[in-house]
Amino acid sequence: MALAKRIIPCLDVDNGRVVKGVNFVGIRDAGDPVEIAKRYNDEGADEITFLDITATHEGRDTTVHTVEKIASQVFIPLTVGGGIRTVDDIRTMLNAGADKVSINSAAVFNPDFVKAASDRFGAQCIVVAIDAKKVSGDGEEPRWEIFTHGGRKPTGINAVEWAVKMAEYGAGEILLTSMDGDGTKKGYDLGVTRAISDAVPIPVIASGGVGNLQHLVDGVTLGRADAVLAASIFHFREYTVPQAKEFMRAQGIEVRL
Amino acid sequence: MTDAPIITQTGKPTVAVIDYGMGNLHSVKSALEHVAPEQNVVVTSDPVVVVMADRVIFPGVGAIRDCMAEIKRLGFDQLLREQIATGKPVLGICVGMQALMDHSEENNGVDCISILPGQVKFFGEHHKDTHGNSLKVPHMGWNQVHHNDHPLWANIPQDARFYFVHSFYIHADEPGLVAATCDYGVEFHAALTRNNLFAVQFHPEKSHTAGLQLLKNFLHWDGRV
């Protein structure tokens, strides 16, 4: 008996539609988030992550309604991220039915926000999202930095040290996205995944770059992730969640079937 | 999100979800409504509504110190004792279960309600499994629950997985109270029961089919074993 490794489909939502782009550009429409979330719930996904990439203010209201609709039909944990900057933002999403919120840029600009959020709502619902990119050259000691603004802006912050700090500040979980891998279908950056997973006492979700089921396995076995997140392979029905789980189980990974 | 104290929808059994301001009860409410549309689900901090209800759910998330402070401030410790004494079915969930115990190690030690005898302990900073592999804390995700034959486990397979998220675990003093165990480096008590009281460490409202089945069983349970 052991804790199962989690498979988490991710919905990137723009103005109420699920989208998925390669490195955040060239967006493809993948459908209605409520329908898709319901399908993942029924298929046996272990959690759902909803990342709001809506830029406009009006669009944010749509997001709250969408989260409410999803939450009333989905009976697995739901994480909502994107644009979470204040304690009020967190309260709004939790009241809409999210179980956890994911804090990204706001943590970088103001790390104390993570502390305040964790004190107020409990570490169990605070996920810190880290967008990391490799900055070391070939043959150098590997080094990853935090990037903001969809991977365009370097911060100079060491990703592994940052993850440790965020755990100390009260994050309950780390959602680690490799910006080099995201949207490429070449697999997770296993180096940074493993470095962070080994460095922090809290669970780590690997994200960014899944193109096939072996990538999910590698994220767990080589990257030592506690959970694996993927978007497009599930949205476009290249694979179903049960197929992913069967594949992982066949390679000796404990999953919920 | 506390509802207005209107519970006079005739003929419908009512389940009161006790709201003491610690976290969001939306998930619990929508899961209950999903499994029992014929029942009246009320999220409330009004003791009168709780007293009138046919069944009571005592949830909880967050830190035990803050939870206990609110529970005591609102007099819900006494309310719970009285409600349990009436014989109506009562279900504790997660921190709601932990609050029923004698004492928790969280927040440098907090005295709890002492309805069930036992301790709430920390998994530890460097928690390991029996093979020496590191285990992450919080214990977050889907783990197997080994249960007894209590009516609340009806139609739930042995060792079914439920969703947990907690850093502190329960060890009851009386083996007779244990309705289910779970293993995470240490074997802990995932469910306890005594007469009409049932309590679970996991989140049934987030545990998909197995969790919904448990909630459904609770909403049709008469409180007898």
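The values are calculated or read from the model by the stated rules, or taken from the named source; none is laboratory data. All values derive from a computational prediction rather than experimental measurement. Virtual Cβ from ideal backbone geometry, glycine too; neighbours counted across all protein chains shown. Surface accessibility is based on the protein's heavy atoms, side chains included, excluding ligands, DNA and RNA. Shrake-Rupley method; radii C 1.70, N 1.55, O 1.52, S 1.80 Å.
Here are the numbers for the structure shown:
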| quantity | calculated |
| --- | --- |
| Set B:LEU79, B:LEU91: member being under 15 Å from the mean Cα position of the chain (by Cα) and in contact (Cβ under 8 Å) with a residue 12 or more places away in the chain | B:LEU91 |
| Criterion: in contact with a Pro (Cβ under 7 Å, 6 or more places away or on another chain), surrounded by fewer than 24 Cβ atoms within 10 Å (Cβ to Cβ) and charged (D, E, K, R) - qualifying residue of B:GLU174, B:GLU187 | B:GLU174 |
| Among residues of region A:111-130, those that are modelled with pLDDT of 95 or more and not in a helix (DSSP H, G or I), counted | 6 |
| For B:ASP19: the one exception among (1) over 14 Å from the mean Cα position of the chain (by Cα); (2) within 14 Å of chain A (Cβ to nearest Cβ); (3) without any contact (Cβ under 8 Å) to a residue 40 or more places away in the chain | (1) |
| The listed residue being touching a residue at least 60 places away in the same chain (Cβ under 8 Å) and within 8 Å of chain A (Cβ to nearest Cβ), out of B:HIS139, B:HIS166 | B:HIS166 |
| Test: residue in region B:194-205 that is open to solvent by 10 Å² or more (accessible area, probe 1.4 Å), of a type outside the set (D, E, K, R) and over 23 Å from A:THR79 (Cα atoms) | yes |
| Pairs where the first residue, in region A:88-106, is free of Cβ contacts under 8 Å to residues at least 12 places away in the same chain and the second is open to solvent by less than 10 Å² (accessible area, probe 1.4 Å), C-beta under 7 Å, 6+ apart | none |
| Selection from region A:50-73 of residues that are open to solvent by 30 Å² or more (accessible area, probe 1.4 Å) and over 20 Å from the mean Cα position of the chain (by Cα) | A:THR56, A:HIS57, A:GLU58, A:ASP61, A:THR62, A:HIS65, A:LYS69, A:SER72, A:GLN73 |
| Meets criteria (open to solvent by 10 Å² or more (accessible area, probe 1.4 Å), at pLDDT 95 or above and in a loop (DSSP other than H, G, I, E, B)) for B:GLN158 | yes |
| Residue list for region B:61-108, restricted to those being open to solvent by 30 Å² or more (accessible area, probe 1.4 Å), touching a strand residue (DSSP E or B) at 6+ places or on another chain (Cβ under 8 Å) and outside any helix (DSSP H, G or I) | B:ASP102, B:HIS103, B:GLU105 |
| Flag for A:ILE76 being open to solvent by less than 10 Å² (accessible area, probe 1.4 Å), in a loop (DSSP other than H, G, I, E, B) and at pLDDT 95 or above | yes |
| Residue in region B:103-113 that is closer than 30 Å to A:ALA227 by Cβ and at pLDDT below 95 present | yes |
| Selected residue (criterion: farthest from A:ARG39 (Cα to Cα)) from residues of region A:94-123 that are within 14 Å of another protein chain (Cβ to nearest Cβ), of a type in the set (A, V, I, L, M, F, W, C) and open to solvent by less than 10 Å² (accessible area, probe 1.4 Å) | A:ALA117 |
| Members of region B:42-53 found to be part of a loop (DSSP other than H, G, I, E, B) and either surrounded by fewer than 17 Cβ atoms within 10 Å (Cβ to Cβ) or touching a Gly at 6+ places or on another chain (Cβ under 9 Å) (or both), listed by number | B:SER45 |
| Criterion violated by B:ILE115 - all others in (1) open to solvent by 10 Å² or more (accessible area, probe 1.4 Å); (2) more than 27 Å from A:SER118 (Cα to Cα); (3) within 14 Å of chain A (Cβ to nearest Cβ); (4) within 14 Å of the chain's Cα centre (by Cα) satisfied | (3) |
| All strands (runs of 3 or more DSSP E) inside region A:138-257 with 2 or more residues being within 30 Å of A:LYS115 (Cβ to Cβ), open to solvent by less than 50 Å² (accessible area, probe 1.4 Å) and more than 14 Å from every other protein chain (Cβ to nearest Cβ) | A:144-148, A:153-158, A:173-178 |
| Residue satisfying condition, being at pLDDT below 95, surrounded by fewer than 23 Cβ atoms within 10 Å (Cβ to Cβ) and out of contact with any Lys or Arg (no Cβ under 9 Å at 6 or more places or on another chain), within set B:THR130, B:THR181 | B:THR130 |
| Close pairs (7 angstrom Cβ cut-off, 6 or more residues apart or separate chains): of a type outside the set (Val, Ile, Thr) in region A:238-257, open to solvent by 70 Å² or more (accessible area, probe 1.4 Å) and modelled with pLDDT under 95 anywhere | A:LYS245/A:LEU257; A:ARG249/A:LEU257 |
